Amino acid sequence: MFAKKLLTWYQEFGRKLPWRGIDNPYHIWLSEIILQQTRIEQGRSYYEHFVKEYPTVIDLARASEEKVLKSWQGLGYYSRARNLHAAAQYVADQLDGHFPDTYEGILALKGVGKYTAAAIASFAYRLPYPVIDGNVYRLVSRLYGIYTPIGTDQAYNEFERLLLNLIDKERPDLFNQAIMDFGSIYCKPTGCDCENCIFCQECVAFRDGKVELLPVRSQKIAIKERFFYYIDIRWDDCLLVQQRQAGDIWQGLYELPLYETERPIEPSRMESEIMQVLQNWLGAPPAALELGPEMKHQLTHRTIKAQFLTAKYDSKPPKIPEKMRVTRPNEIKSLPISRLIDRYLSKL
Ligand code: SF4
């Protein structure tokens, strides 16, 4: 009954999206990775760009990581792009370019979790694996009055068992798309129109007046602050950039030379401290040091507080650290850079 009602609703109100109604597993995979932590409106243009730029998994595998990161620029969570690239290389080299066609095979790809594996398996191959994302947790927890905190293995298993009974075995692709759409369009985090919902007769949370209390979330991870001092070092028509290394955010992206501190630098000490940093890096202080904009950048578990400064040298500094690279203002835009650096450059 649930599946029938849901599919009837979907036929009329479901979203029409470029990655729906197709069975190319590679394109479906692209869309799913792009849409993780990304709004549909934003993800759509990236999906179209990737399909055009890398029409097959082999094209993606053969592109350089730098090019893939550049294509990804602005989407955030760059590990998704690196995993996408690594998984494409695995498919191209180890699987002869054949995208896996079982749930387990898809799940074995780098960067693919249970949700994504279920989505690809059901959309591309009509395998009856239920997708469980935030929208599904919300809808199902309210409908059935489930108070298990989501985001845990226990919750995942409990919701999966229930959904395996509900899923339409003939059209798991449509069922999965419908349940996600209904959750996001209708059963919203706040302010859903329960009176007119097709499930209001059966919905436990609506009956009990507990809609806003569900789903129960497991404890939030504390957000940590980081203090970045980006120094825009320039002489003639040159500036310095460096590439971020493994084991931290934005791996592989380029940025201005960065000085990070545990705590914010006192304004009265800023000039002398940065001058000393530049002396250590480049073997000489700049002719002029200017304070630039201050910018905040929010990541899931981090708040980056960035202060930009400009250091002007009359000529090339005596030494350039190995990790830094000399570039030109018009070249930096062609490198993969974080949104924070992009925002700064756009302000100039
Ligand atoms: S009645 Fe309200 S809470 Fe229940 S499923 Fe419908 S929209 Fe969601």
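So if I check each of D101, D133, which one is farther than 22 Å from L7 by Cβ and either out of contact with any Pro (no Cβ under 7 Å at 6 or more places or on another chain) or not hydrophobic (A, V, I, L, M, F, W, C) (or both)?
D101
Surrounded by 17 or more Cβ atoms within 10 Å (Cβ to Cβ) and polar (S, T, N, Q): does that describe S122?
So S122 fits the description; yes.
Would you check if D101 is assigned by TED's automatic domain parsing to the domain that holds K188, in contact (Cβ under 8 Å) with a residue 60 or more places away in the chain and either farther than 10 Å from P215 by Cβ or of a type in the set (S, T, Y) (or both)?
Here the answer is yes, as D101 does meet what is asked.
Determine, yes or no, whether Y129 is of a type outside the set (D, E, K, R), within 16 Å of the ligand (Cβ to nearest atom) and touching a helix residue (DSSP H, G or I) at 6+ places or on another chain (Cβ under 8 Å).
No; evaluated as a whole, the condition is false for this residue.
Tell me the helices (runs of 4 or more DSSP H) entirely within region 1-87 that contain at least 1 residues that are buried (at least 21 other Cβ atoms within 10 Å of the Cβ) and within 16 Å of the chain's Cα centre (by Cα).
The helices (runs of 4 or more DSSP H) meeting that bar are 25-35, 40-53, 65-72.
Out of curiosity, is L289 surrounded by 13 or more Cβ atoms within 10 Å (Cβ to Cβ), free of Cβ contacts under 8 Å to residues at least 24 places away in the same chain and not assigned by TED's automatic domain parsing to the domain that holds Y77?
yes
Quick one: how many residues across region 125-158 are among the aromatic types (F, W, Y), buried (at least 16 other Cβ atoms within 10 Å of the Cβ) and either over 26 Å from the mean Cα position of the chain (by Cα) or over 19 Å from Q219 (Cα atoms) (or both)?
3
Tell me the helices (runs of 4 or more DSSP H) entirely within region 139-226 that contain at least 3 residues that are of a type in the set (D, E, K, R) and more than 16 Å from the ligand (Cβ to nearest atom).
153-166
For the structure I just gave you, tell me whether P321 is at pLDDT 95 or above, within 14 Å of I231 (Cβ to Cβ) and surrounded by fewer than 16 Cβ atoms within 10 Å (Cβ to Cβ).
The answer is yes for P321.
K224 fails exactly one of the following numbered conditions: (1) at pLDDT below 95; (2) surrounded by 13 or more Cβ atoms within 10 Å (Cβ to Cβ). What is the number of that condition?
Status for K224: all satisfied but (2).
The values are calculated or read from the model by the stated rules, or taken from the named source; none is laboratory data. On a predicted model such as this, the values are computed, not experimentally measured, just so you know. Note that we place each Cβ from the backbone using ideal geometry, even for glycine, and neighbour counts take in every protein chain shown.
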